[in-house]
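Here the structure is laid out as structure tokens; the discussion comes afterwards.
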Amino acid sequence: MSMNINRGVRAQLLAQGGLYLLLLLALVMLLAWVAREYRGEWDVTANARNTLSQGTQDALRQIHGVVSITAYAMAKDGGGNDVHRLLREKLRPWQRQKPDLTLTLVDPRDDPKRANAAGLRSPNEMVIEHKGRSEHLPLEQLNEQNLLNVLIRLSRTSTAVVYWLDGHGERKLDGIANRDLGEFGRQLQAKGFKLASLNLAIAQDVPRDAAAVIIASPQTDLQDGEVAKLKQHVDSGGNLLWLIDPEPLRGLDPIADVLGLVLTPGTVVDPAIKPRSGPPTLAVGANYARHPVTAAFRLNTLFPGSRQIGTAEREGWRVTPLVEVAQRGWVETGALDDTPVFDAAKDFRGPVTIAAALERTVSGAAGERQQRVVVVGNGNFLANTFLGNGGNLQLGTAMLHWLGGDDKMIAIPPRPAADVQVNVDQTLLYLIAFTFLLALPLAFAIAGGVVWWRRRKAR
């Protein structure tokens, strides 16, 4: 049976084919328009390392105004990689979160005058500008935390100065000894804080530009005049971070009285955390209050050798216990040994509060403002030796942000990338080389020869 195709059928088939082609083209154009207007991305990398952390996203929402980034780099590096494309991809997550963040790419070879005018300090560098202020960031240092730090510094309307009490053996914010806070100080400077020491035996009083004063475990007694200057700072509404170890207050009792602190003797012990040697005086912080310092905090913190921080009611002060430790431990008031035993007659059973935030409204010439104080019964957690443990650095930084009035800038650092390193010993490396460079090619050659021989015989 055959079908006779006349002109009418042929024209009908041609029209159907043309209509199908037009519909197909329209569909392709529609898909292209949708792809251009609506962008969807899914991060499938290990640990979602191509997505900004939640802390960074929250911080970007608080940075108002246009951010202009000019990247000075050669379009292609020595290996032929498209550097400009890589920069665009790296900054795309930032532009999704902050659409008014602009990126301009300049090859210094094509525009040397512009590169020279920018005052570059390295061959490949970014210049970040925001509200008339600018800062340089070398491209090799470009990562989420460093760029966020630059944006935070540029967004500050004024430089916050943090003073640390000096002259009595305190932990120094520029010190390199194990007990000092030098690394913590360096991290604060990266966040835009300015640091300065304060010796009240010389200074007339606490400077008025102090965002906060840090008292970190003095080892000798303060003179009455020095204590009076600190008390005046607190009475007039100054902010304070006080790190108190299980040792004497060194003449600072009047400051404790003003704040209503109840400082019981003894050291926190937690038998659940057994050290390799010595008494169990390590305490892990995992229970935090609902407070701007700790509201979004999810990291464990480590406090070696802590004391309990209690508070009595003082008119006007609002007190929030920030950190609780030693759920199954206690405050040991007796001698510490490797196996302490709880004594109900003298010791205080856990959980133990070792940090508290105090706040009140004070009136001044500029009107009402909030005074903020943080007291921590531990100085070791920010020391150079222990700062890298858990979330110690993040907690200390959050405290200073809150004391400085930057509640919205309390950001959690970006997630680390998952470990993707592959360790191969020399024997396995030789085996892999033998397999792929010799054994497999030889096997393919033999198999091909066998197939050719069989086909030749079959003819």
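Axis of helix 224-235 versus longest Cα principal axis of the chain: the two differ by about 50°, to the nearest ten degrees.
Across the chain, the longest run free of exposed loop sites, meaning chymotrypsin sites (Phe, Trp or Tyr not before Pro) lying outside DSSP classes H, G, I, E and B with no more than 11 other Cβ atoms within 10 Å, spans 43-459. Charge tally around residue 175: other residues with Cβ under 15 Å, Lys/Arg +1 each, Asp/Glu -1 each, net -1. Most tightly packed first, judged by the mean number of other beta-carbon atoms within 10 Å of their residues, the peptides 166-179, 196-209 read 166-179, 196-209. Here the residues 134, 363, ranked from fewest to most Cβ neighbours within 10 Å of their Cβ, fall in the order 363, 134. For trypsin sites (Lys or Arg not before Pro), the sites in the range 226-307 that DSSP calls loop and that have at most 13 other Cβ atoms within 10 Å are 276, 290, 298. Working from label points 7 Å from Cα in the Cα-to-Cβ sense, the residue 12 to residue 145 distance is 7.4 nm. R0 = 45 Å: FRET efficiency of residue 344 with residue 429, Cβ-based, nearest 0.05? Step by step, r from the Cβ atoms, then E = 0.10.
Taken over the chain, the alpha-carbon convex hull comes to 350 cubic angstrom per residue.
Residues with beta-carbon under 15 Å from that of residue 254, excluding residue 254: net charge, scoring Lys, Arg +1 and Asp, Glu -1?
For residues surrounding residue 254, the net value is -2.
Between residue 110 and residue 385, what is the FRET efficiency for a Förster distance of 56 Å, r being their Cβ-Cβ separation, to the nearest 0.05? With a Förster radius of 56 Å, E is 0.65.
Where the centroid of each part is defined by its Cα atoms, how far is the range 175-224 from the range 105-125 in Å? Distance between centres, Cα-based: 39 Å. Taking a sphere under 12 Å around the Cβ of residue 222 and counting the other residues whose Cβ falls inside, with K and R at +1 and D and E at -1, yields a net charge of -3. Restricting the range 61-132 to trypsin sites (Lys or Arg not before Pro) that sit in a DSSP loop and have at most 14 other Cβ atoms within 10 Å of their own Cβ leaves 109, 121, 131.
Since every read-out is calculated from the coordinates, none of them should be taken as a lab result. None of these values were measured; they are calculated from a predicted model. Neighbour counts are summed over all protein chains in view; Cβ atoms, including those assigned to glycine, are modelled from backbone coordinates with ideal geometry.
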